[in-house]
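The values are calculated or read from the model by the stated rules, or taken from the named source; none is laboratory data. A quick note: this is a predicted structure, and the numbers were derived from the prediction, not measured. Cβ atoms come from the backbone with ideal geometry, glycine included; neighbour counts cover every protein chain shown.
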Amino acid sequence: MKLFIKTFGCQMNEYDSERIAAVFEERGYFLTENVESADFAVINTCSVREKPYHKVESELGRLKKIKLKNPNFKIAVCGCVAQQDGEKFLERFDYVDLVFGTSAISRLHSLIDLVEQGERICDTNEGEDELTIPVFSRSKQVSAFVTIMKGCDNFCSYCIVPYVRGREKSRKPSEILDEIKYLVDNGVKEVTLLGQNVNSYGKGLDEKINFPQLLYLVNDINGLERIRFVTSHPKDFDDELIFAMRDLHKVCEYLHLPLQAGSNKILKLMNRKYTYEEYKEKVFKAKELIPSLALSSDFIVGFPGEEDDDFEQTLKAISEIKYESIFAFKYSPRPKTKASSFDDNVSDEEKSRRLNELLNLQSKITEKINKSYVGKIQEVLIEGKSKKDENQFSGRNRQNKVVNILSNHKLNIGDIVKVEIVEAKKNSLLAKVLEYVGR
């Protein structure tokens with residue numbers, strides 16, 4: 001039996017897809033990239049923005065054609081759209097066999113049993129109060145995601161996450177550490193700790209622990225080389241976390257801290273619970289204490305009420321902080337959110353214009369920062385090699401930059417090498433090997 005999985009959205013969805021694949025593997029399924037040859041297809045969905053929602057509809061249209069040729073072909077929809085629409089999905093798409101929400105993966109075995117017996121099922125129940133994820137097998141890799149918590153209690157006015165991922169729940173630290181040790185034993189060198197707001201980690205647990213304390217525990221795991229994490233909320237980002245990033249040698253000098261807008265008026269309408277001045281003070285302190293820190297951020301343009309001056313303040317913020325990279329999107333109203341009742345007064349044409357202007361500004365900043373790497377010595381974890389050139393390898397430095405490496409010596413995936421950056425590309429760096437550090 002063959003399984004096809006397509007994943008939309010965030011790293012949390014990618015992690016969930018790995019969990020789903022492990023369940024199917026236990027049932028004798030093998031992953032395939034060819035959907036035409038699959039017996040079961042799973043579409044892991046994202047509803048944070050309107051565009052990925054429409055992509056899901058398009059993907060289902062493709063799967064419908066396969067099912068018309070092969071009635072035994074099973075189709076499942078999971079993730080945030082499934083959690084949001086539930087039974088409506090089965091009603092709207094009568095060829096979909098299974099809809100399961102963000103908390104139903106632990107019940108997937110029994111759901112597949114029912115579907116294989118010919119039933120159509122929807123399970124969007126929240127489930128247990130405690131977040132427990134057993135250690136599961138996954139394909140061999142050097143970098144892996146590890147969920148430490150799920151859900152969000154912040155209720156930003158534009159964000160659907162609290163409605164589709166639920167309220168904040170943290171995993172027990174012992175469970176997280178066991179998963180990471182298992183991964184390291186199977187060749188993983190780097191982990192990325194995942195949560196909608198990792199800074200809130202520990203709330204609700206019987207054991208008194210916070211996110212910086214968890215980082216110290218993960219840092220002590222033998223064989224682990226690097227630690228990354230996403231996402232931090234600026235209102236909870238504090239000195240304790242800055243100090244942990246500075247002092248723990250395995251924690252990479254990379255911070256994703258979404259600002260969303262540079263205007264305090266818009267930040268208030270977004271219910272972000274901080275001002276731009278407070279945000280700027282925190283990131284400048286982090287940069288001062290961690291000189292090699294690379295910053296990235298998220299931005300929404302065209303939020304209801306955003307006037308030209310508000311947008312100019314966002315451009316000013318980007319110029320002041322100088323992010324290495326950003327993710328920027330046009331505002332689109334999402335169901336159930338407070339902002340969906342706001343007057344969406346910015347035209348789509350104006351949203352597109354503002355988005356292009358913002359991205360063009362960031363492109364110039366990124367190009368300048370990339371050029372500043374030329375001549376510097378960097379440590380790179382090898383993640384792959386070129387199919388076209390046997391002497392070219394790729395990986396990422398500690399600042400999360402993609403580095404393409406020319407080497408006359410054979411390198412292996414998982415190797416850590418010292419390189420000198422010799423050229424800056426638009427979205428990557430080119431380097432030559434100086435020293436083999438180890439595996």
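Output the qualifying pairs, or none if there are none: Cβ atoms under 6 angstrom, residues six or more apart or on different chains, first residue in the range 235-250 and at positive phi, second residue in a loop (DSSP other than H, G, I, E, B).
Between residues of the range 235-250 that are at positive phi and residues that are in a loop (DSSP other than H, G, I, E, B), there is no close pair.
Are any residues in the range 76-94 buried (at least 23 other Cβ atoms within 10 Å of the Cβ) and not charged (D, E, K, R), and if so, which ones?
Within the range 76-94, 76, 77, 78, 79, 80, 81, 82, 83 qualify.
For residues that are closer than 20 Å to residue 154 by Cβ and without any contact (Cβ under 8 Å) to a residue 40 or more places away in the chain, tally how many sit in the range 167-202.
4
Residues are listed down the side, and each one gets a yes or a no for (1) assigned to a helix (DSSP H, G or I); (2) small (Gly, Ala, Ser); (3) not assigned by TED's automatic domain parsing to the domain that holds residue 10:
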residue: 288; (1), (2), (3): yes, no, yes
residue: 295; (1), (2), (3): no, no, yes
residue: 306; (1), (2), (3): no, no, yes
residue: 311; (1), (2), (3): yes, no, yes
residue: 315; (1), (2), (3): yes, no, yes
residue: 319; (1), (2), (3): yes, yes, yes
residue: 329; (1), (2), (3): no, no, yes
residue: 345; (1), (2), (3): no, no, yes
residue: 351; (1), (2), (3): yes, no, yes
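Looking only at residues in the range 328-360 that are of a type in the set (Ser, Thr, Tyr) and buried (at least 17 other Cβ atoms within 10 Å of the Cβ), which one is farthest from the chain's Cα centre (by Cα)?
Here the answer is 337.
Of everything in the range 133-169, what is in contact with a strand residue (DSSP E or B) (Cβ under 9 Å, 6 or more places away or on another chain), part of a loop (DSSP other than H, G, I, E, B) and closer than 11 Å to residue 195 by Cα? Give them in sequence order.
Selection gives 148, 151, 165, 168.
Would you check which residues across the range 171-187 are modelled with pLDDT under 95 and polar (S, T, N, Q) and list them?
Hit for the range 171-187 is 186, nothing else.
Of all residues in the range 88-111, how many are among the hydrophobic types (A, V, I, L, M, F, W, C) and in contact (Cβ under 8 Å) with a residue 40 or more places away in the chain?
Residues that pass the stated criteria total 2.
Has the range 395-409 got any residue that is surrounded by fewer than 17 Cβ atoms within 10 Å (Cβ to Cβ) and of a type in the set (Val, Ile, Thr)?
The answer is yes, given that some residue of the range 395-409 is surrounded by fewer than 17 Cβ atoms within 10 Å (Cβ to Cβ) and of a type in the set (Val, Ile, Thr).
Each row is one residue, and each column tells you yes or no for (1) aromatic (Phe, Trp, Tyr); (2) surrounded by 12 or more Cβ atoms within 10 Å (Cβ to Cβ); (3) within 28 Å of the chain's Cα centre (by Cα); (4) at pLDDT 90 or above.
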residue	(1), (2), (3), (4)
96	no, yes, yes, yes
99	no, yes, yes, yes
102	no, yes, yes, no
105	no, yes, yes, yes
112	no, yes, yes, yes
115	no, yes, no, yes
118	no, no, no, yes
126	no, yes, yes, no
131	no, yes, yes, no
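Does the range 285-312 hold any residues that are crowded, with 19+ Cβ neighbours inside 10 Å and more than 25 Å from the chain's Cα centre (by Cα), and which are they?
304, 306, 310, 311
Can you name every residue in the range 388-405 that is within 28 Å of residue 249 (Cβ to Cβ) and over 23 Å from the mean Cα position of the chain (by Cα)?
393, 405 - these are the residues of the range 388-405 that are within 28 Å of residue 249 (Cβ to Cβ) and over 23 Å from the mean Cα position of the chain (by Cα).
Conditions first: (1) under 23 Å from residue 293 (Cβ atoms); (2) modelled with pLDDT under 95. Residue 411 passes all but one, so which condition is the exception?
Among (1) under 23 Å from residue 293 (Cβ atoms); (2) modelled with pLDDT under 95, residue 411 violates only (1).
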